[in-house]
Amino acid sequence: MLPPLLWNLLLITPVVMVLVLPGVAALFSKRASGGNKAWWVAASVLLSWLGYFIYYYFRVRERRPG
């Protein structure tokens, strides 16, 4: 069995890559400047949840017989 620290790293790494990395990439991008950077960071963090909800709705949730 894996130690708890390794389990935590295995669980946290994908979360950071999916939620935090796009915002950081937008923050350090040279294509945007000023207030546009703030909007790109906010959009990448907040709108990613929309994609997760759509994926869940169509693929993950249990289908009920009609």
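Some notes on this structure:
- Inverse mean reciprocal Cα-Cα distance (Kirkwood Rh) of region 20-60, Å: 10.9 Å
- Dipole magnitude (debye, nearest 20) for the chain, charges at Cβ of Lys, Arg, Asp, Glu: 220 debye
- Legend: ranking of residues 40, 49 from fewest to most surrounding C-beta atoms inside 10 Å; resulting order 49, 40.
Only the coordinates and a few stated rules stand behind these numbers; no lab work does. A quick note: this is a predicted structure, and the numbers were derived from the prediction, not measured. When we count neighbours, we look across all protein chains shown, and the Cβ atoms used for this are built from the backbone with ideal geometry, even at glycine.
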